[in-house]
Each structure stands twice: as C-alpha cells, then as structure tokens.
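What follows is a set of notes on a single structure, which appears directly below.
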Amino acid sequence: MKYVVRRIRAEEWRELRAVRLESLLDSPGAFGVRHADAVALPDRAWREQAERAAVAADDGLFVAVDETGSWVGTAGAAPLADIPDTAHVYAVYVAPAHRGPDGPARALTEAAVDFAREHIDRARLTLGVREDNHRALAFYRRIGFHDLGTVVPYPLDPSKFLRILGCPDFRAAGAAPPGGP
C-alpha cells in the first residue's frame, strides 16, 4: 500500500481527534494522556491543536494517509519547553493494520525529524519511549536513534519509566540551527 505523508491542515481537527483517540485506545501506555481525558476535551481544544500543528513555525504534526484517504498514523516535532536546547518527536502512532516494514512509521518519523532540523532552533532532538515498549524501542533504534542513558518517570504511572533516545547527527558538527549565524 502507498501512503502520503504530509503536514496536518488547520481544518483537520476532527481527523486529528479520531486518530488520537484511536491511538490512546490501541496503546494506552504509549502516550502521556489518558483516553478519558482526551475524550473530554472540547472541540475548541482539538481545533487549536490542529491549527498550531499546521501553521506553527516550530511545531509540526505529520499524518500518513492511505490510498482510501484514511489517516493511519501521525508523528510530530516541537521544542521541549522545560528542557533547554532540546526538541522532541511526539505522537508517533501507526494503526495496527499498517505497522511493519511496508508501513508509514519510518516516513512519518523522518518527516518529523526533517521538520525539526529545518524549523526548530535546538541543538538536540529526543523522544521518550516507555521502557517496556520493546517494539517501539527496537523500531527507533533500527532507524538510528540511540539510547542516551536517561530514564524519567512516566507521567501517568510513576512506577513505569520513559527511556530517552536521541537523534544522531541532529545538528551536523559546526552547522548552525535555523536562524543561526
């Protein structure tokens, strides 16, 4: 199957809501949000999320659309507000029927990484994966992310931990980030 990977459009908040709720049902421990909390968000919140991810200079969300026009995955990149000089890849999700070597996971993640390189003024790019999510850890390592040796408590269950992975060569040696000298 062929997929189109593209940035979300501001008016696609309903599609964003549907895929995000699907992801939280499918993988409740993979994202730092509970399904019930996401369901309770008003339409206005979904509209604002879609609008920001569609047009913000430093926050981009990408979607994979299959041949039928259905959204089958997402991945985004944005600065981390609380960690200086660091951006992160977020909301990486692929529907179960579209996972595997022929699915869009790699293209989605690469779109998020490319966006971060081109638009986010940070020196490092990371992502967090629950340490018991072996499938996701293997995928990210296979596409080049490396373990930074850092673990942090998982916000929804402090007895679980997120392993922090880094994007190698996010900024090539000596290369200035966007807006740099």
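The values are calculated or read from the model by the stated rules, or taken from the named source; none is laboratory data. Only a predicted model underlies this, so the values are computations on that prediction, with no experimental measurement involved. Cβ: placed from backbone, ideal geometry, glycine included. Neighbour counts: every protein chain shown.
Screening ARG135 with (1) modelled with pLDDT of 95 or more; (2) part of a helix (DSSP H, G or I) gives one miss only, at (1).
Of all the residues in region 31-67, those that are under 18 Å from ALA105 (Cα atoms) and surrounded by fewer than 16 Cβ atoms within 10 Å (Cβ to Cβ) number 1.
Going through ALA136, ALA116, ALA95 one at a time, which residue ends up being buried (at least 18 other Cβ atoms within 10 Å of the Cβ), under 12 Å from ALA64 (Cβ atoms) and either free of Cβ contacts under 8 Å to residues at least 24 places away in the same chain or not basic (Lys, Arg) (or both)? Don't jump to the end; show me each part of the working.
Details: ALA136 fails: under 12 Å from ALA64 (Cβ atoms); ALA116 fails: under 12 Å from ALA64 (Cβ atoms).
From the options ALA136, ALA116, ALA95, the qualifying one is ALA95.
If the condition is being under 17 Å from LEU137 (Cα atoms) and in contact with a His (Cβ under 6 Å, 6 or more places away or on another chain), then region 75-126 contributes only THR126. Taken over region 1-30, the criterion of being surrounded by fewer than 19 Cβ atoms within 10 Å (Cβ to Cβ), part of a helix (DSSP H, G or I) and among the hydrophobic types (A, V, I, L, M, F, W, C) is satisfied by ALA18, LEU21, LEU25.
Restricting attention to region 60-87, the residues that are of a type outside the set (A, V, I, L, M, F, W, C), part of a loop (DSSP other than H, G, I, E, B) and free of Cβ contacts under 8 Å to residues at least 40 places away in the same chain total 6.
Looking at this structure, is PHE145 crowded, with 18+ Cβ neighbours inside 10 Å and either touching a Ser or Thr at 6+ places or on another chain (Cβ under 6 Å) or at pLDDT 95 or above (or both)?
On the way: crowded, with 18+ Cβ neighbours inside 10 Å: yes; either touching a Ser or Thr at 6+ places or on another chain (Cβ under 6 Å) or at pLDDT 95 or above (or both): yes.
It is true that PHE145 is crowded, with 18+ Cβ neighbours inside 10 Å and either touching a Ser or Thr at 6+ places or on another chain (Cβ under 6 Å) or at pLDDT 95 or above (or both).
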